[in-house]
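Peer 1: Before anything else, here's the structure in question.
The values are calculated or read from the model by the stated rules, or taken from the named source; none is laboratory data. Since we're looking at a predicted model, the values are computed, not measured. Neighbour counts are summed over all protein chains in view; Cβ atoms, including those assigned to glycine, are modelled from backbone coordinates with ideal geometry.
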Amino acid sequence: MKRYSKIIIGLLAFSFITGLSSCSDFLDEELTTKRNTDFYNTVEGLDGLSTGMYYNLRFHFAYEWAFATTNYGTDEFRCGGDASNAVWDSYDGSFSSLITAVNVNTAMANTLFDNMYIGISSANLMLEKAVTVLPDGAKKNTYMGEAYFLRGFNYLKLVRQYGGVPLKLQTSVSPEREFSRATAEETVKQVISDLTNAYNNLPPTAALTGKMTKDAAAHFLAKAYLFRASEINDSWNGTTKTQDLIEALKLADEVIAHHTLAPNFADLWNYTAVNGPNEKLDEIILAAQFSNDIASNGTYGNQVHLYYLSQYLNLPNMKRDIAGGREYQRLRTNYYAYNVYDKVNDSRFWKSFKTKYAVNNPAAGYALGDLGVLYIINSPTDTRYSAVGSLKTITDPKTGKIVPNVFATYAEGGEFLNSDSYQNRFAPLNKFIDGSRDAVGNGNGYRDGILARLADTYLTAAEICIRQKNYSKALGYINSVRNRAAYKAGENRKAYTDGGAAYNAASNPTGYASFGATNSYYTENSYYESNDIPVAVTATDLTVSSFSALPAVDETIISTLGYTSEYDRAMCFLLNERSRELMGEFYRWEDLSRTKTLVARAKAFNKKAAPNITEKHNLRPFPQSYLDAIQIDGRALTAEEKTAQQNPGY
């Protein structure tokens, strides 16, 4: 039986909607006076509201919750040298509806919940006002489409994290306390309705980068149908699953037909300037917009450039700089993340992880630009570094100098970087590094935050086909992504780039010259040092022809997890492929949760999560602030009633 309760879903959105300044090409608004809600009865007010709704998309790249709710506690990453949010990774006893703050950086249990409802409140206001304020036409359709999109997008986020949540579909004129928590089935139904309306109202293309389009709606609508058909909903999705998969594949195919993959996987991360070429790639379907206009930062700047970096500032011949990033070392690369790649033939590892730094603080015998830090990402069978201290004798063939700082994944008889002695030493994910910042200590980055890109659409289509048992078709989609990842004939396999390149770019007026020679950016990776193979320029082939004969790295993971059926092998391979393509891109926890593979993978590959994770962790705890605010018949809930509102096990 459904329980009816009440929650305060206030008008918090109003506190920021009218206060935005330019964020990018289209987020341009000026605050002239404080306004009440009557302002939204005007065209000018709705113009501002439309701009303000895009601001809510920035939330997903701001502060610690960006990774705590999406990448911690999985197979790919675990807690690094800073434990501000360790509870999200370890699932220990303090992971509950009321998370105790370690420090000001700790992501609280209610932050995601509250901020999704702020966006929903803005969307509700637009849907109510646009009907009467705007004349029929393209502008009205677009604003309605944007509102439906944001509401559906936010409810999709909520249902993936919490299951069924309160459905707030109208604006509030006064505080409300009586509200029902919908079931997961009802919540997903609303998501599909909203994203369908967004699809029907949004334009096919947008003149300005970052605007919502029909393809963005189609991408997330396909994912909503897929979510409803996923294992986490198997207790109630039996009657909708078959048709959901048909609809999802139709939508995914439509998006695929309208976009192209970037020619080189590295193009996605080769950030050289604010609003530069890599932020306008056809592969990018939707991105949250950020800018170097300081007035536009607001509450939500892009801070994800901080979190994946390992410590380098205190190493010999090194100090912190803009190109290398301000290393918060929150997410430590798990060994699964190292070993899920074919590091000889798949270029994505070497284009996703930073393995070399240049000397930027030279001591005796070294010069600026020498190889200063080297991460050797070798295999478990590599015996080159079995002797104690053998890593301290590696010579750079270009200079003949010993590399002052060398770390290897496997050395001195075991998993060298997997010990707690090296929790702040790991090959860092490079996808969000931002060398365009104007100061070393600036936490707000200027890169756009990718919310949807075509490779994800391809892999979504592949998963749909696996669920339909159409395995050959699934491999077609997967191979499209893998073919891009394979090395091309003549490709320089040691070539490397990341967003630190923006520090040197001519388009960056405050770059290299202004800050002197403190520059750790290095244009090579450790491909050859790690693989210990001769220089090669031939093409590689990553094509997979059957789920019964998969690459060795996948067979090892499948064996570890104990899968035998064709479906389980195919789904495991698909999830491995999502790691290789989308590593660190804020999908992983939700992918594993909805497929009910989170517990098995965390136990197998995450040392911190393994002792504590249970099936209850496939959903998040409802925040204590919600439980304390809701009422029944004008009174607060009893302890038993709060337990009934909470997800099981918390």
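Peer 1: Sort out which residues of region 424-439 are surrounded by fewer than 20 Cβ atoms within 10 Å (Cβ to Cβ) and under 27 Å from N334 (Cα atoms), and write them in order of number.
Peer 2: Residue satisfying the conditions is N424 alone.
Peer 1: State whether the residues of region 230-252 include one that is out of contact with any Gly (no Cβ under 8 Å at 6 or more places or on another chain), crowded, with 20+ Cβ neighbours inside 10 Å, under 18 Å from L158 (Cα atoms) and free of Cβ contacts under 8 Å to residues at least 40 places away in the same chain.
Peer 2: There is no residue in region 230-252 that is out of contact with any Gly (no Cβ under 8 Å at 6 or more places or on another chain), crowded, with 20+ Cβ neighbours inside 10 Å, under 18 Å from L158 (Cα atoms) and free of Cβ contacts under 8 Å to residues at least 40 places away in the same chain.
Peer 1: Here are K392, K398: which of them is surrounded by fewer than 22 Cβ atoms within 10 Å (Cβ to Cβ), assigned to a helix (DSSP H, G or I) and of a type in the set (K, R)?
Peer 2: On inspection, the qualifying residue turns out to be K392.
Peer 1: How many residues are at pLDDT 95 or above, more than 26 Å from L46 (Cα to Cα) and of a type in the set (K, R) when one looks only at region 146-204?
Peer 2: 2
Peer 1: Looking at region 281-301, I want the residues that are at positive phi and have a partner that is modelled with pLDDT under 85 with Cβ atoms under 8 Å, at least 6 apart or on another chain. Which pairs are those?
Peer 2: The qualifying pairs are G298/F16; G298/G19; G298/L20; G298/S21; G298/C23.
Peer 1: Further question: Looking at this structure, is T299 touching a helix residue (DSSP H, G or I) at 6+ places or on another chain (Cβ under 6 Å), assigned to a loop (DSSP other than H, G, I, E, B) and either modelled with pLDDT under 95 or over 27 Å from G119 (Cβ atoms) (or both)?
Peer 2: No: the conditions fail for T299.
Peer 1: Among (1) assigned to a loop (DSSP other than H, G, I, E, B); (2) touching a residue at least 60 places away in the same chain (Cβ under 8 Å), there is one condition L550 misses while meeting the rest; what is its number?
Peer 2: Looking at each condition in turn, L550 falls short on (2).
Peer 1: Any idea which of (1) part of a loop (DSSP other than H, G, I, E, B); (2) closer than 20 Å to A288 by Cα; (3) touching a helix residue (DSSP H, G or I) at 6+ places or on another chain (Cβ under 9 Å); (4) not β-branched (V, I, T) is the one N237 doesn't satisfy?
Peer 2: Result: N237 passes all but (2).
Peer 1: I'd like the full set of residues that are aliphatic (A, V, I, L, M) and within 18 Å of Q303 (Cβ to Cβ), limited to region 96-128.
Peer 2: Answer for region 96-128, where residues must be aliphatic (A, V, I, L, M) and within 18 Å of Q303 (Cβ to Cβ): A101, V102, V104, A107, M108, L112.
Peer 1: Could you grab me the full set of residues in region 590-646 that are in contact with a strand residue (DSSP E or B) (Cβ under 7 Å, 6 or more places away or on another chain), over 19 Å from T69 (Cβ atoms) and charged (D, E, K, R)?
Peer 2: The answer is K607, E641.
Peer 1: Cβ contacts < 9 Å: first residue free of Cβ contacts under 8 Å to residues at least 60 places away in the same chain and under 30 Å from M571 (Cβ atoms), restricted to region 438-461; second residue in a loop (DSSP other than H, G, I, E, B) and among the charged types (D, E, K, R), any location; separation 6+ or different chain. Result?
Peer 2: none
Peer 1: Can you name the condition, by its number, that Y225 falls short on among (1) of a type in the set (S, T, Y); (2) part of a loop (DSSP other than H, G, I, E, B); (3) surrounded by 22 or more Cβ atoms within 10 Å (Cβ to Cβ)?
Peer 2: (2)
Peer 1: Right, here's the next one. Do you know which residues across region 409-420 are in a strand (DSSP E or B) and without any contact (Cβ under 8 Å) to a residue 60 or more places away in the chain?
Peer 2: Across region 409-420, the qualifying residues are Y410, A411, G414.
Peer 1: Here is a further query. Within region 316-326, is there a residue that is among the small types (G, A, S) and under 22 Å from L582 (Cβ atoms)?
Peer 2: Scanning region 316-326, I find at least one residue that is among the small types (G, A, S) and under 22 Å from L582 (Cβ atoms), so the answer is yes.
Quick grid of which residues meet (1) exposed (fewer than 15 other Cβ atoms within 10 Å of the Cβ); (2) part of a loop (DSSP other than H, G, I, E, B):
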| site | (1), (2) |
| --- | --- |
| K608 | no, yes |
| N612 | no, yes |
| F622 | no, yes |
| S625 | no, no |
| D628 | yes, no |
| E641 | no, no |
| A644 | yes, no |
| P648 | yes, yes |
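Peer 1: Could you list, in sequence order, the residues of region 630-639 that are outside any loop (DSSP other than H, G, I, E, B), in contact (Cβ under 8 Å) with a residue 40 or more places away in the chain and either closer than 15 Å to A182 by Cα or touching a helix residue (DSSP H, G or I) at 6+ places or on another chain (Cβ under 9 Å) (or both)?
Peer 2: Listed by number, the list holds a single entry, I632.
Peer 1: Still on this structure, please answer the following. For region 341-357, state whether one or more residues are outside any loop (DSSP other than H, G, I, E, B), modelled with pLDDT of 95 or more and of a type in the set (D, E).
Peer 2: yes
Peer 1: Let me ask another. When you scan region 289-296, do you find a residue that is crowded, with 19+ Cβ neighbours inside 10 Å and charged (D, E, K, R), even just one?
Peer 2: No, region 289-296 contains no residue that is crowded, with 19+ Cβ neighbours inside 10 Å and charged (D, E, K, R).
Peer 1: Which number in (1) touching a Gly at 6+ places or on another chain (Cβ under 9 Å); (2) crowded, with 20+ Cβ neighbours inside 10 Å marks the one condition that G443 misses?
Peer 2: Every listed condition holds for G443 apart from (2).
Peer 1: Within region 485-499, take every residue that is farther than 13 Å from T538 by Cα and among the hydroxyl-bearing types (S, T, Y) and give me the one that is surrounded by the fewest Cβ atoms within 10 Å (Cβ to Cβ).
Peer 2: So the residue we want is T497.
Peer 1: Tell me, which residue of region 307-337 that is outside any loop (DSSP other than H, G, I, E, B) and buried (at least 22 other Cβ atoms within 10 Å of the Cβ) is nearest to the chain's Cα centre (by Cα)?
Peer 2: L331
Peer 1: Output the residues belonging to region 421-460 that are more than 30 Å from A411 (Cα to Cα) and part of a helix (DSSP H, G or I).
Peer 2: If the condition is that a residue be more than 30 Å from A411 (Cα to Cα) and part of a helix (DSSP H, G or I), then L454, A455, D456, T457, Y458, L459, T460 are the ones that fit.
Peer 1: Among the residues of region 380-402, which ones are in contact (Cβ under 8 Å) with a residue 40 or more places away in the chain and out of contact with any strand residue (DSSP E or B) (no Cβ under 7 Å at 6 or more places or on another chain)?
Peer 2: R384
Peer 1: Follow-up. Hey, among the residues in region 573-605 that are among the hydroxyl-bearing types (S, T, Y) and more than 27 Å from A62 (Cβ to Cβ), which one's surrounded by the most Cβ atoms within 10 Å (Cβ to Cβ)?
Peer 2: Residue satisfying both the conditions and the ranking: T597.
Peer 1: Only one residue in E577, E590, E555, E585 is out of contact with any helix residue (DSSP H, G or I) (no Cβ under 6 Å at 6 or more places or on another chain), on the phi < 0 side of the Ramachandran plot and either aromatic (F, W, Y) or outside any loop (DSSP other than H, G, I, E, B) (or both), so which one is that?
Peer 2: So the residue among E577, E590, E555, E585 that is out of contact with any helix residue (DSSP H, G or I) (no Cβ under 6 Å at 6 or more places or on another chain), on the phi < 0 side of the Ramachandran plot and either aromatic (F, W, Y) or outside any loop (DSSP other than H, G, I, E, B) (or both) is E555.
Peer 1: Of L112, L31, L27, which residue is of a type in the set (A, V, I, L, M, F, W, C), within 28 Å of V173 (Cα to Cα) and modelled with pLDDT of 95 or more?
Peer 2: Going through L112, L31, L27 in turn, just one is of a type in the set (A, V, I, L, M, F, W, C), within 28 Å of V173 (Cα to Cα) and modelled with pLDDT of 95 or more: L112.
Peer 1: Right, next: What are the residue pairs meeting all of these: first residue in region 477-489, first residue under 15 Å from S352 (Cα atoms), second residue acidic (D, E) and in a loop (DSSP other than H, G, I, E, B), Cβ atoms under 8 Å, and 6 or more apart or on different chains?
Peer 2: A486/D541
Peer 1: Given the residues K168, K211, K157, which is the only one that is part of a loop (DSSP other than H, G, I, E, B) and within 28 Å of I232 (Cβ to Cβ)?
Peer 2: K168
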